[in-house]
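Please treat every number below as a calculation from the coordinates, not as lab data. Computed from a prediction, not measured in an experiment: that's the story for all the values here. No Cβ is skipped: glycine too gets one built from the backbone with ideal geometry, and neighbour counts run over all protein chains shown.
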Amino acid sequence: MESEPKILLVDDEENILRSVAKTLFREGFDVETATGNQAAYELFQEAQDEGEPFNLVIIDLNMPDFAGNESKYAGLELLERLKSESPGLPVIANSAWDEVETAKKCIDKGAADYFVKGRNDEMLDKIQKVLGLAG
Amino acid sequence: MNQAEIEANVTLEQALRRANLLAAAAEVSQNVTQIMDIDELLPKTVDIICDAYNFYYAGVFLIDEAREFAVLRAGRGKPGQIMMENNHKLAVGGNSMIGACTARNEARISLDVDTEKVWYPNPVLPETRSEMALPLAVGGHVIGAVTVQSTEAAAFSDEDISSLQAMANQLAIAIENAHQRQELEEAHAELLQAKMHEAIATATGDAIHWIGNKADPIRSSVDRTRTDLQLLTVLMGKLLNNELDGNSSVAQLIQKEAAVIQQDYPQISEAADKLSQFSSEKLERRLSLSSTLEDLQIIEDAAAMILRIKEELIGPAREQAPRPTMIDDVVKDAITAMNLPAGLVTLAPTAPVPLVVADPVQMHRVFTNLIKNAVEAAGDERPPEINLLIRSVEDSAFVAIDVVDNGIGIAPDDLDNIWITFHTSKGIRGHAGFGLPASRLIVEQTGGSISAVSQLGQGSTFTVKLPVYKGRGSNGHKVEHGRGKILLIDDNDHWRHFATVTLKNAGYKIESPDRGYTISNAHRFDLVLVDDILAGADSLAILHILKDSGAINKTLMLSSNPRVERTKERMLAGIKNLIAKPYTPNSLLSEVARAIR
């Protein structure tokens, strides 16, 4: 039997993490969560090493960077590192900032999609589309 | 008294006067170098001069910014006070002694006014018999003049003149120092204010995001809870109707969950036993799905309110990117984007207005907000009519935009309150909420202002004033030697013309099809510029054609409404970049140069 698609969810706001993880779990995804760049990167590596890599990573931009400092664009660092190590891995970025330049930056750095928090009604559609599960 | 005695007396008098002058010069220099506040320095100086030299009047003039007039800034006694109140000033280079003295940077002396050919008696100084005007100059630059006047003819000796001029020189330096200090203080205050605004904006932004983040999961949780409750109810109904049998997975799930609850929450178990004895009327009162759903709705509404406020407050907290902006286009875009019924909003034909300094995305918010308020202010007596007017004001230092509605108006008492954040303005229909305080913050942050006048039952007028861009105009840009062929697809004639002229002047070759967007040969161009909004064409579809013809990675899109979702879609389609309209020649040229490089 084919296993469920694996999603890594990264956000430093615990309640959002719990809530989104729940939504994804109920939709049948296998979800792991991390609250910062370092923890997320470790989970990513672990999964690669075990030969069961993630199918998708969802990253909040505003969270602790690799040094552990809160930063508005910390998620971009993670996005870049993941894309450089695993170019084929789809990454969806999100942030609370409704800023065109932020969206451009994410797409430029290889994000498969971007959404503004609080308007994530279509998050599931985006995930399905990115994973090629649409329909 | 014999001749010798008279001479001795005169010598003694002279010696005394010289001693007095030295003391006065010392006093003035000591005082003027200590006083840093110009408004304190000048009156004190005229008093010291009059007391020390026994003159009946002294005054200090400073030259105004335009260097047209020497303006009286301090004058001795009652005459000084009267002239100050009358804003006494004399033209630099005019016929007055002060006018000549300030124009030529040299002292003017009149030892007997009665014998002067040109003399303008001053009605408040009728006793003047002799007068001297001394320039105040620093490094040869005249900043003003001192006038001293005496009730005696021939009141000034050569010694007086040189000692007074030495003192005037010191006074000039002191004034200059005070000026510089004042300028520094003002610059410092401005910087402080800018820093404070920045800090407030950052702190507000952080706080708003914190609140938004906390409230964000509420909606999803409520949504799930509601769905699950409804599902459970329907499934139980099916079980009872025997549409599902007792061995179904649904039945097993419900039995399992029920057992867990009964074990973990004995009080629920007891309450359930009691409820099962209730009559159906009593039961419905106590336990109904619709009541539970209503509770969920309350939670959801509260969360939605918090998130809406977050969206409204986030506008001014967002960092501004002020740049030269064609405000008439921003206003037009805002009207179009609102998709209001035809004829509701009218933008009066506008004479060309200069560029203003503003952040177009933020201004889009402001005008959307003002128009939305105007629509909501509509009364029942007459159909709503909203008129917008754009005009240059205050000697073209500002562009004013009026948003005029014929709605119910705002009561005078409420007119100040509309600008206060968190003011409960339920009664102020159409002009309530957070939009106005937020708009005000946005407008003031770029050096503009916003104001309102209103008459109950007649309507309101909101006026936004934005500072005119003082830099070089649209023809002042540096022409770079652009090389390359550009395909321009834009159906807005004004913009197409503007872009074509700008790019041609910079040395590019432009092709811009009139009708029918011929783009199958786009790959032969070095750059493709596509407007995001084309009448009768789907710009995403055009991007797909450009992708197929291999030109997508040399495509720049021009968008007057670059919202996140749009931008993202177009970037994902593979375009090189998206430029916000309205752009300036400089911004267009630099984007084009970067894209072609």
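Data table
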{"item": "With at most 13 neighbouring Cβ atoms within 10 Å, loop chymotrypsin sites (Phe, Trp or Tyr not before Pro) (DSSP) excluded, longest segment of chain B", "result": "B:1-277"}
{"item": "Equivalent ellipsoid, chain B (semi-axes from 5 times Cα gyration tensor eigenvalues, Å)", "result": "76, 37, 23"}
{"item": "Region A:1-79 shape via C-alpha gyration tensor axes, a/c threshold 1.5", "result": "oblate"}
{"item": "Taking region B:1-142 and dividing mean pair separation by its residue count, relative contact order in percent (alpha carbons under 8 Å, at least six apart)", "result": "14 percent"}
{"item": "Alpha carbon centroid spacing (whole Å) that separates region B:326-363 from region B:435-451", "result": "17 Å"}
{"item": "Relative contact order for chain B, counting Cα pairs under 8 Å that sit 6 or more residues apart, in percent", "result": "7 percent"}
{"item": "Rg(Cα) / (2.2 N^0.38 Å) computed for chain A, rounded to two decimals", "result": "0.96"}
{"item": "Label-point gap, in nm, between residue B:411 and residue B:342 - each point 7 angstrom along Cα→Cβ", "result": "4.0 nm"}
{"item": "At R0 = 60 Å, FRET efficiency that the Cβ-Cβ distance of residue B:590 and residue B:19 yields, to 0.05", "result": "0.25"}
{"item": "Computed FRET value (nearest 0.05) for residue B:5 with residue B:122, which takes r as the C-beta separation and R₀ as 35 Å", "result": "0.30"}
{"item": "Sum of -39500 (n - 2.57) over DSSP H runs of 4+, divided by residues of the protein assembly as shown (222 nm, nearest 500)", "result": "-16000 deg cm²/dmol"}
{"item": "Euclidean distance of C-alpha centroids, region B:237-280 and region A:68-128, integer Å", "result": "44 Å"}
{"item": "Reachable aspartates and glutamates from residue A:83, criterion Cα separation under 13 angstrom, eight or more residues apart if same chain", "result": "A:108"}
{"item": "Shape category assigned to the protein assembly as shown from the gyration tensor of Cα positions, a/c cut at 1.5", "result": "prolate"}
{"item": "Distance (nanometres) between label positions extended 7 Å along Cα→Cβ at residue B:78 and residue A:27", "result": "9.0 nm"}
{"item": "Percent RCO, i.e. relative contact order, over region B:323-467, from Cα pairs under 8 Å lying at least 6 residues apart", "result": "25 percent"}
{"item": "Gain in span if fully extended, residue B:293 to residue B:252, counting 0.36 nm per residue against the direct Cα distance", "result": "12.2 nm"}
{"item": "Helical segments meeting 20 Å axial Cα length and Kyte-Doolittle -1.0 threshold in chain B (DSSP H)", "result": "B:3-34, B:38-53, B:158-240, B:249-264, B:289-317, B:360-376"}
{"item": "Selection from B:324, B:277, B:293, by position along the positive dipole direction of the protein assembly as shown (Cβ)", "result": "B:324"}
{"item": "Overall form of region B:207-317 per C-alpha gyration tensor (a/c, 1.5; a/b vs b/c)", "result": "prolate"}
{"item": "Potential lengthening between residue B:183 and residue B:199 on full extension [0.36 nm per residue; Cα-Cα distance subtracted]", "result": "3.4 nm"}
